[in-house]
Number of protein chains: 2
Amino acid sequence: MTDQASLPLHPTARAQHVLSLLAAEIGDKISTNLSVCEAHSHGEALEIANMPVGVVFAESTQDVSATLALCHHHRVPVVAFGAGTSVEGHVTPPDGAISLDLSRMTEVMAVNSSDLDCRVQAGVTRQALNAFLRDTGLFFPVDPGGEATLGGMCATRASGTAAVRYGTIKENVLGLTVVMANGEVIQTGGRVRKSSTGYDLTSLFIGSEGTLGIITEIQLRLHGQPEQLSAAVCQFENLEDAVNTAVEIIQMGIPIARVELLDDVQMQACIRYSNLDNYQPLTTLFFEFAGSPEAVKEQITVTEALARDNNGLAFTWADTADERATLWKARHNAYWAVKALHPGQRLISTDCIVPISQLTTLITGVKDDILASGLYAAILGHVGDGNFHTLIVTEETEAGRQQALALDRKIVARALALGGSSSGEHGVGLGKLEFLAAEHGEGALSVMRALKATLDPRNILNPGKLLPVGPVFKG
Amino acid sequence: MTDQASLPLHPTARAQHVLSLLAAEIGDKISTNLSVCEAHSHGEALEIANMPVGVVFAESTQDVSATLALCHHHRVPVVAFGAGTSVEGHVTPPDGAISLDLSRMTEVMAVNSSDLDCRVQAGVTRQALNAFLRDTGLFFPVDPGGEATLGGMCATRASGTAAVRYGTIKENVLGLTVVMANGEVIQTGGRVRKSSTGYDLTSLFIGSEGTLGIITEIQLRLHGQPEQLSAAVCQFENLEDAVNTAVEIIQMGIPIARVELLDDVQMQACIRYSNLDNYQPLTTLFFEFAGSPEAVKEQITVTEALARDNNGLAFTWADTADERATLWKARHNAYWAVKALHPGQRLISTDCIVPISQLTTLITGVKDDILASGLYAAILGHVGDGNFHTLIVTEETEAGRQQALALDRKIVARALALGGSSSGEHGVGLGKLEFLAAEHGEGALSVMRALKATLDPRNILNPGKLLPVGPVFKG
């Protein structure tokens, strides 16, 4: 290969050189088309954008390996791209980078019904997987809402509405195929439910946001489709009563499938957007119960009693598949409901999490912050995990963006002061970098930087994401 | 501090030098007494023994940090020691090493009932923690059988009989305090149920067998004590029918609390040792059901039907706390039951795991291997996870040991060929080193070695354990 000293010095020229070398191998999978590059210049946080030099559409682990080997040799940054649903700037390329799109890797490679597991390529979306599984009696439960790829969900340690029952992606991955920075391919984990041999590389790559290696295949746990599903809605005059109901459900150990909170502001938007005419603009809990008919009945009885004791209004039931779909679609459209009320304005979705005992204190404080900010902001979240989002609306200007970020900083500061984390599920990317030191301490961060430097010494894998610059553990 | 060049060259002399320096700070916590050293020369695998130069009884994270800082500077190996229940040689010191005993770190530092979590020092045993929790309505479920410390359980990624319902230690740890090789103290994880910020250092240290850092404090998840517990026993004429029953329970998604298999040989030993006079020497499943009365009733109905369809004999019930205790004590005494039948002989407990669909094939094959070996060997295990142990009896000679190891190798080879792991819960230590390359592949091992070299560049933390020598990933 070319000697490094003879490489063109400009980052963009280096990336172009790599693309020209790759063209010989996989020319039909490379694009430098402007609109393709534009589509790979950002995730859902549109304001954090930067153009890649080109896009490689990998169709196999071998394609990823070939791309990384060349990028490594020529020191060209690589950013993996799945469905582009990140909201924290994860997929935004740095200058002179190649965007490595895995969305064509859509094969469901194996389904083992008896072991409740399957193997997929990284570009399979959770919806596509569940469509594939429909007739097997099995399903994959992790549901972050958007049409995300499973590779992206692994990379950002995603979770969502069903994590309270089934865990996050982390608890549902058994093993990975990972391409390392230099193009080497390794296997982590395996197919067994547990093992105590070797370092847990699988967990190390999950949540590493493409900075330690690129995930190309995933061995996933599956779950049996529950015999019965029931959904219900309960409204509350007071926010605190709603939060307390959710907290008590968890403390009682009720295996609830989902429990989502929408505050009065969010509910008002949803009523209008999704025609939920039977509801009032009050703080609301959406419930889903899953299991055998007997188990569901028992969960419901206890949940209704807890809600009643916390001044909840009467439960509204959605028992048919259609009614449930309407209800959960309304929940999943919460973002669009707020957006529709504010055409032409910016909408930022924040994300934080606290130990559940601190949730009432936190949300009450956040409501005060919102009031003081003078901004429109709706709260909704995975209240059973202590995790919630604030959808903040501002003007589409830099001043508006700074206003939203100022409010977000206050929210995160409150969460961290209560023993929380700056992100329950959106990840760090570029958006949460400033909070990492306060959250993890310099000691842990220096160890993380040492791991990054060891596995990606040339810093080509999604450089600048996840880890703020700082000292590296020397040992 | 002393310049390295001036250090005494002999490993033992270096360790003695460190102990003399430590004596100024924590003299009363150091012992070089022969019987103390002897007790720290091995775990439960008595034949893998080597004397430490001395033992430091740490009483705080600060003590551990002070010890590691000196050992690091003077390049003295350190082996953490908890309850000494390891069966794979984890705690056996290399030459010139200090054994760092954490068993005096027994404080339960905080219990947060509303968040279902607690913080403990590493020397707290799971039994001590559960005694402490007795009146809170909460309990810690991970149960490896022995009186292990929670620090040791984290270090070996322990699990046991309750993992099928509650997960292994890995799923039940939220965060750690870890002392790094150079004495630096870091915090990993936190108190939240999930987070997507930063690399998952907690999972990296869990199962690292004291080779990456020494765990001194643990934030643990707790669970509500189930309203009702029921235990039952079902016997089978055929091994295959028993295994199939367990497999189908898991595949049906029944949230069984425990399901343990004892083969005919093991059951015969238990009947004799624990006076289980109502039972026959047949393959046997021990069940535990936990939950609300309704849920337990439902689980039992389905389980009984599955057992009946697989030619199971009638269920025997243990409903009172006393009856349950007798039954589970008999299960936990399985090792001693075999031991008692073979006084003066060696007993080796092996450990492997496969995807549950492969369990019948594996155990049937292992029975053939046992028969061919001419040895007495009993099978028992956590059949709901696909994990089981073979208790092999041989003469107390080197030839006898080699005979047992030869049989173990056959068992592990079968497990690996079926997509399994060489250890479900005992860990690698020294005993399983030879299987790591076949199980993980050289790629993953080279990455593990790179992590080890980064976090412990002087190779003082439990050197020689967990990772076989080989190439290091260079990136």
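Would you check if there is a residue in the range B:1-22 being of a type in the set (Gly, Ala, Ser), outside any loop (DSSP other than H, G, I, E, B) and modelled with pLDDT under 95? Yes, the range B:1-22 contains at least one residue that is of a type in the set (Gly, Ala, Ser), outside any loop (DSSP other than H, G, I, E, B) and modelled with pLDDT under 95.
In this structure, residue B:151 does not qualify as assigned by TED's automatic domain parsing to the domain that holds residue B:169 and modelled with pLDDT under 95. Regarding the range B:191-200, can at least one residue be identified that is touching a residue at least 60 places away in the same chain (Cβ under 8 Å), part of a loop (DSSP other than H, G, I, E, B) and either crowded, with 24+ Cβ neighbours inside 10 Å or not polar (S, T, N, Q) (or both)? Yes; the residues of the range B:191-200 include at least one that is touching a residue at least 60 places away in the same chain (Cβ under 8 Å), part of a loop (DSSP other than H, G, I, E, B) and either crowded, with 24+ Cβ neighbours inside 10 Å or not polar (S, T, N, Q) (or both). Take the range B:334-349 and flag every residue that is buried (at least 22 other Cβ atoms within 10 Å of the Cβ) and over 17 Å from residue B:395 (Cβ atoms). B:334, B:337, listed by residue number.
Selection of the range B:155-164 for residues being surrounded by 24 or more Cβ atoms within 10 Å (Cβ to Cβ) and either part of a loop (DSSP other than H, G, I, E, B) or away from chain A (no Cβ under 11 Å) (or both) yields B:156, B:157, B:158, B:159, B:160, B:161. Against the conditions (1) over 22 Å from the mean Cα position of the chain (by Cα); (2) within 13 Å of another protein chain (Cβ to nearest Cβ); (3) crowded, with 24+ Cβ neighbours inside 10 Å; (4) part of a helix (DSSP H, G or I), residue B:244 satisfies every one except (3).
Here are some conditions: (1) within 14 Å of another protein chain (Cβ to nearest Cβ); (2) touching a Leu at 6+ places or on another chain (Cβ under 9 Å); (3) under 27 Å from residue B:360 (Cα atoms); (4) surrounded by 24 or more Cβ atoms within 10 Å (Cβ to Cβ). Residue B:418 meets all but one. Which one does it not meet? The one condition residue B:418 does not meet is (4).
With respect to residue A:429, is the statement that it is more than 7 Å from every other protein chain (Cβ to nearest Cβ) and either at pLDDT below 95 or outside any helix (DSSP H, G or I) (or both) true? Judged against the criteria, residue A:429 is a match. If you go through the range B:453-465 and pick out every residue that is more than 7 Å from chain A (Cβ to nearest Cβ) and either surrounded by fewer than 22 Cβ atoms within 10 Å (Cβ to Cβ) or of a type outside the set (Lys, Arg) (or both), you end up with 8. Return yes or no: is residue B:225 over 30 Å from residue B:98 (Cα atoms) and within 13 Å of chain A (Cβ to nearest Cβ)? Judged against the criteria, residue B:225 is a match. Would you confirm whether any residue within the range B:34-49 is modelled with pLDDT under 95, of a type in the set (Gly, Ala, Ser) and outside any loop (DSSP other than H, G, I, E, B)? Taking every residue of the range B:34-49 in turn, none turns out to be modelled with pLDDT under 95, of a type in the set (Gly, Ala, Ser) and outside any loop (DSSP other than H, G, I, E, B). Scan the range B:165-177 and give yes if some residue there is assigned to a helix (DSSP H, G or I), within 11 Å of chain A (Cβ to nearest Cβ) and under 12 Å from the mean Cα position of the chain (by Cα), otherwise no. Checking the range B:165-177: at least one residue is assigned to a helix (DSSP H, G or I), within 11 Å of chain A (Cβ to nearest Cβ) and under 12 Å from the mean Cα position of the chain (by Cα).
None of A:120, A:79, A:64 is assigned to a helix (DSSP H, G or I), under 22 Å from residue A:156 (Cβ atoms) and away from chain B (no Cβ under 14 Å) except A:64. Could you list all residues from the range A:350-369 that are surrounded by fewer than 21 Cβ atoms within 10 Å (Cβ to Cβ) and of a type outside the set (S, T, N, Q)? The answer is A:365, A:367, A:368, A:369.
Listed conditions (1) modelled with pLDDT of 95 or more; (2) more than 9 Å from every other protein chain (Cβ to nearest Cβ); (3) more than 20 Å from residue B:387 (Cβ to Cβ) are all met by residue B:266, apart from (3). Out of B:125, B:136, one residue alone is on the phi < 0 side of the Ramachandran plot, surrounded by fewer than 24 Cβ atoms within 10 Å (Cβ to Cβ) and within 14 Å of chain A (Cβ to nearest Cβ). It is B:136. Report whether or not residue A:281 is touching a helix residue (DSSP H, G or I) at 6+ places or on another chain (Cβ under 7 Å), under 21 Å from residue B:253 (Cβ atoms) and not in a helix (DSSP H, G or I). So residue A:281 fails the test.
Kindly indicate the residue of the range B:136-148 that is assigned to a loop (DSSP other than H, G, I, E, B), over 19 Å from residue B:334 (Cβ atoms) and at pLDDT 95 or above and also farthest from the chain's Cα centre (by Cα) among those meeting that condition.
B:140
Remark: pairs (first residue in the range A:204-219, within 13 Å of residue A:90 (Cβ to Cβ) and within 9 Å of chain B (Cβ to nearest Cβ); second residue assigned to a helix (DSSP H, G or I) and modelled with pLDDT under 95; Cβ separation under 9 Å; 6+ apart in sequence or on different chains) are absent.
Note on the range B:383-408: residues that are part of a helix (DSSP H, G or I) and either free of Cβ contacts under 8 Å to residues at least 12 places away in the same chain or crowded, with 21+ Cβ neighbours inside 10 Å (or both) total 9. The set of residues in the range B:250-268 being part of a helix (DSSP H, G or I), touching a strand residue (DSSP E or B) at 6+ places or on another chain (Cβ under 6 Å) and hydrophobic (A, V, I, L, M, F, W, C) consists of B:265, B:267.
Of the listed requirements (1) within 22 Å of residue B:64 (Cβ to Cβ); (2) out of contact with any Leu (no Cβ under 8 Å at 6 or more places or on another chain), residue B:228 misses just one: (1).
Residues that are acidic (Asp, Glu), modelled with pLDDT of 95 or more and assigned to a loop (DSSP other than H, G, I, E, B) were ranked within the range A:201-241; the one that is surrounded by the most Cβ atoms within 10 Å (Cβ to Cβ) is A:209. The set of residues from the range A:421-435 being surrounded by 24 or more Cβ atoms within 10 Å (Cβ to Cβ) and either acidic (Asp, Glu) or over 19 Å from residue A:377 (Cβ atoms) (or both) comprises A:421, A:425, A:427, A:428, A:429. Screening residue B:184 against (1) within 12 Å of another protein chain (Cβ to nearest Cβ); (2) on the phi < 0 side of the Ramachandran plot; (3) of a type in the set (D, E, K, R); (4) under 22 Å from the mean Cα position of the chain (by Cα) leaves a single unmet condition, (4).
Being surrounded by 16 or more Cβ atoms within 10 Å (Cβ to Cβ) and in a helix (DSSP H, G or I) is the filter; apply it to the range A:303-325 and report the residue that is modelled with the lowest pLDDT. Selected residue: A:324.
The one condition from (1) within 8 Å of chain B (Cβ to nearest Cβ); (2) in contact with an Asp or Glu (Cβ under 8 Å, 6 or more places away or on another chain) that residue A:471 does not meet is (1).
The values are calculated or read from the model by the stated rules, or taken from the named source; none is laboratory data. Small disclaimer: the values here were computed from a predicted structure and weren't measured. We place every Cβ from the backbone using ideal geometry, glycine too, and count neighbours over all the protein chains shown.
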